[in-house]
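The block underneath contains the structure these notes are about, expressed in structure tokens.
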Amino acid sequence: MSIAEAKIKPRMHPSFLLGTFNAEHPPTGFSISIHPNPHPANSVTTSVARTGSDDSYKLILHVNNDSPRTVGVQIRQLLAR
């Protein structure tokens with residue numbers, strides 16, 4: 001399931017809400033693709049923050065683009081089979 005698709009300009013640091021979850025229904029996982037490949041190699045980084053309680057929490061993806069060029073990001077939630 002697609003969550004977001006965005007272009008991230010150089011030195012931008014946007015955040016994306018991955019969803020609201022709980023202990024009974026945690027997420028299966030997420031797929032994050034960045035294109036084209038960042039240059040230099042480690043100039044685009046991601047991290048996930050969790051806010052809330054075990055009863056209800058939000059996951060927020062932070063993307064840091066410290067490269068000199070714009071990159072595209074596609075975020076998808078993996079669904080349980």
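The values are calculated or read from the model by the stated rules, or taken from the named source; none is laboratory data. Just so it is clear, the model here is predicted, and its values are computed rather than measured. Cβ coordinates were reconstructed from backbone atoms using ideal geometry, including for glycine residues, and neighbour counts include every protein chain displayed.
Quick notes on this structure:
- Residue pairs meeting the criteria (Cβ under 7 Å; at least 6 apart or on separate chains; first touching a residue at least 12 places away in the same chain (Cβ under 8 Å), in region 1-23; second of a type in the set (Gly, Ala, Ser) and loosely packed, with under 13 Cβ neighbours inside 10 Å): 7/72; 20/56; 22/56
- Every residue from region 30-59 that is at pLDDT 95 or above, of a type outside the set (S, T, N, Q) and more than 14 Å from residue 73 (Cα to Cα): 48, 49, 50, 52, 57, 58, 59
- Those residues of region 1-34 which are under 25 Å from residue 80 (Cβ atoms) and among the small types (Gly, Ala, Ser), in sequence order: 2, 4, 19, 23, 29, 31, 33
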